[in-house]
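A short worksheet on the structure shown next.
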Amino acid sequence: MRKPITDLIHHPYVPPAKFGSPQVGVYKASTVFFADVAAMRARDWKTKAGYTYGLHGTPTTFTLEERLATLEGGTECLLVPSGLAAIALVSFALLKSGDEVLIPDNAYGPNKALANGELANFGITHKLYDAMNPADLAAKLSERTKLVWVEAAGSVTMEFPDLPALAKICRDRGVIVALDNTWGAGLAFAPFDFNGSGQGVDISIQALTKYPSGGGDVLMGSVTTRDERLHRAIKLTHMRMGYGIGVGDVETVLRSLPSVALRYAAHDRSARELALWLEDRAEIAQVLHPALESSPGHANWLRLCGAADLAAGLFSVVFDSRYGTEQVDRFCDSLSLFRLGYSWGGPISLVVPYDIGLMRDPGVAHWPHKGTLVRFSIGLEDVDDLRADLEQALAVL
């Protein structure tokens, strides 16, 4: 007779099928069972037709991938541990020694750091280009260029490039173009079908850490494509690098995803209201927000995002040059509702001061302002309370 512990581990009870609830079931697995040896040998981990091992997907992770692909207008999606991991996965999957990648100078900083570090160590070179000047991209493409990154809006300085023009330049030269779509979140514009043209980027990555999660408590990224060949190449690298996602985090994003459009719009409304208010403040030299006519690339934003009329919850301000770094730091420290912290897309408003001189290459694009820049991520607090917090902190100046 078997011992109770064995019966516990091999308990025969199976819950009845067809259980329905608002949330998807959470399947935690490293090991996946097969009915027999034939099934084990026949199963292919490279498709979603079945399950082979937890690292290659469960019903829970497959569900999130499929929903994200739908959100962005793609057909295939892979999950990775962070937005930066998504960038790294694409680069490692598509580049080899002797290849070159082009990155906009105003891109997310760790993308450039990856190029300066690991990619350079592997014999992969890179160039920075001015995202606001398509001719600069065209001039820097070479036979060695195998991948071009684009980003909208630009990190921190919020310039909005002419994405269709940049993508067409790459397409005409047969170069793969990958978009960091974290700002757009699959909502502000369709990354694979600009303005119904049927043309777009080849790959869209997101830091799901931001709007899809919405809580400031999850690290995750995604890589979405419409091209089966590209997807297969990326998936093979995904397997070889051993990328895995905690299913509890997947559950969290699945729970948040149905409200992403509502939250995105709420962040956007408050951000625009505060950006317009700050535009009239004497302490501020310029407000950088794609939906404002005075912001670089506004016309590009209007053409691409005008139909949806969405612009996320981020904007930056350049303080008047009479205020030095110490005074701007004091402004940031004086805020009470805005917390000092990186990332964005969560319920709590955030603020970060930046030294743009340390972030931009003056040989690529000229930064016109000499004042100190501060980026705001607008949360879900009442906008009047946020304005009052900004006003009391500006008084410190």
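May I ask you to verify whether residue 235 is at pLDDT 95 or above and in a helix (DSSP H, G or I)?
Against the criterion (at pLDDT 95 or above and in a helix (DSSP H, G or I)), residue 235 qualifies.
Quick one: what pairs do we get from region 306-320, first residue outside the structural domain of residue 152 (by TED's automatic domain parsing), second surrounded by fewer than 24 Cβ atoms within 10 Å (Cβ to Cβ) and acidic (Asp, Glu), C-beta under 7 Å, 6+ apart or different chains?
That search, which allows pairs on different chains as well, returns 310/268; 311/268; 312/268; 313/268; 319/283; 320/283.
Could you please give the count of residues in region 163-206 that are free of Cβ contacts under 8 Å to residues at least 40 places away in the same chain and outside any loop (DSSP other than H, G, I, E, B)?
The total comes to 11.
Among the residues of region 139-160, which ones are of a type in the set (A, V, I, L, M) and either surrounded by fewer than 16 Cβ atoms within 10 Å (Cβ to Cβ) or assigned to a loop (DSSP other than H, G, I, E, B) (or both)?
139, 141, 152, 153, 156, 158 - these are the residues of region 139-160 that are of a type in the set (A, V, I, L, M) and either surrounded by fewer than 16 Cβ atoms within 10 Å (Cβ to Cβ) or assigned to a loop (DSSP other than H, G, I, E, B) (or both).
Go through region 71-109 residue by residue and tally those that are assigned to a helix (DSSP H, G or I) and either small (Gly, Ala, Ser) or in contact with an Asp or Glu (Cβ under 9 Å, 6 or more places away or on another chain) (or both).
9
How many residues does region 238-289 contain that are touching a strand residue (DSSP E or B) at 6+ places or on another chain (Cβ under 6 Å) and part of a helix (DSSP H, G or I)?
5
Filter region 55-70 for residues that are in contact with a helix residue (DSSP H, G or I) (Cβ under 8 Å, 6 or more places away or on another chain), of a type in the set (Val, Ile, Thr) and assigned to a helix (DSSP H, G or I) and give the result.
Selection gives 60, 61, 63.
Pull out all pairs, ordered by first then second residue, where Cβ-Cβ is under 7 Å, the residues are six or more apart or on different chains, the first lies in region 6-27 and is not assigned by TED's automatic domain parsing to the domain that holds residue 51 and surrounded by 10 or more Cβ atoms within 10 Å (Cβ to Cβ), and the second is in a loop (DSSP other than H, G, I, E, B) and among the polar types (S, T, N, Q).
Close Cβ pairs satisfying both conditions: 27/58.
What is the residue count in region 346-376 for residues that are within 14 Å of residue 325 (Cβ to Cβ), surrounded by fewer than 20 Cβ atoms within 10 Å (Cβ to Cβ) and either of a type in the set (A, V, I, L, M, F, W, C) or in contact with a Leu (Cβ under 9 Å, 6 or more places away or on another chain) (or both)?
Number of matching residues: 6.
The values are calculated or read from the model by the stated rules, or taken from the named source; none is laboratory data. Predicted model only: the values in this text are computed from it and were never measured. Note that each Cβ is placed from the backbone with ideal geometry, even for glycine, and that neighbours are counted across all protein chains shown.
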